[in-house]
Amino acid sequence: DQLEECRANKNAFSATVQWVEQLKSFPLILSCCTKSYQEYSSIINRSRLPTKTIFSDFYDSSEHLLEWTGDINLSWFSGFVLFRLICLLPSMTRRWWSTECSKALCPVLQTFVEIEISQRLAKREVETIEKATQSDLFSVHGSSVSREISARYVQDECVLELAIRLPLSYPLRNVEVDCRKRLGVSESRWRRWVLQIVTLLSTQDGSVLDAVLLWKSNVDKEFEGLEPCPICYCILHPKSLAMPSLECHTCNSKFHPACLYKWFNSSHKSKCPLCQQPFNI
């Protein structure tokens, strides 16, 4: 509940997320809760595509859990915790599901998301978008029925319309982005912008609207003549919102410090990712 309360304050929420990422118990919590949900589902003989959810009705409050007693209360509590974690920390859960989750639990968690979470998240995303300020130059709309969010961006003689679709297993699987109109925008630039949206939604625990607005800010700065970081393809870093500031003295490419340090650690060498010359900081 405290994590939900600090969500409105982006700085506090970001700091809390970083703290949770350092907890070695986080993967264990996800694993135990998923196993408990699996056991509870087998007890009540739920089908693959049931008509009624178990936990989504209790998303807004944990008070209902106090009404349950006995051995089954632990399964309910585990499912509720899993529900809240995935809704509040989707990117962290996605990374665990795709890299650390056992093969036996992967389909269990996917079923949980499709049944208990996906529709609820889609509805919440659309409600957030409908409250956003619209203008003639930039507008965003959504539908929880089609699970699709559309955005229209106008800058000078360029017109861009895109559609973001939330798959049934979202947020475990990334969104799908399609172009409906890209007047005055080259294919290479469009592909880079699509990659920006997918990257933003896969690396930060924010809403689709947050990602679209951050993407818009990146596009605005590209029209101002600024170049994106060659590693993350964004001008504003997805987490810190910093600009590319570390410049290679050989090819003059600029990188986000966080992206470059991560590249150095993963490649085990201090060379420019583009020209492969020694990078002096």
Cβ-Cβ under 8 Å, sequence separation 6+ or interchain: first residue in the range 169-191 and under 17 Å from G206 (Cβ atoms), partner part of a loop (DSSP other than H, G, I, E, B) and open to solvent by less than 20 Å² (accessible area, probe 1.4 Å). Which pairs? V175/L166
When you look at T128, is it hydroxyl-bearing (S, T, Y) and farther than 30 Å from S98 by Cα, yes or no? no
So which residues in the range 221-255 are open to solvent by 40 Å² or more (accessible area, probe 1.4 Å) and either at pLDDT below 85 or of a type in the set (F, W, Y) (or both), if there are any at all? F223, Y233, K239, S240, L241
So, in the range 148-166, of the ones that are out of contact with any Asp or Glu (no Cβ under 8 Å at 6 or more places or on another chain) and in a loop (DSSP other than H, G, I, E, B), which residue ends up farthest from L214 (Cα to Cα)? E157
For the range 159-177, which residues satisfy the criterion of being in contact with a strand residue (DSSP E or B) (Cβ under 6 Å, 6 or more places away or on another chain) and open to solvent by 60 Å² or more (accessible area, probe 1.4 Å)? R165, E176
Given S266, S217, S207, S202, which one is open to solvent by 70 Å² or more (accessible area, probe 1.4 Å) and either at pLDDT below 80 or closer than 30 Å to T93 by Cα (or both)? S266
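The values are calculated or read from the model by the stated rules, or taken from the named source; none is laboratory data. Because the structure is a prediction, the values reported are computed rather than measured. Backbone-built Cβ (ideal geometry, glycine too); neighbour counts: all protein chains shown. SASA here: full protein model, heavy atoms, side chains in, ligands and nucleic acids out. Shrake-Rupley method; radii C 1.70, N 1.55, O 1.52, S 1.80 Å.
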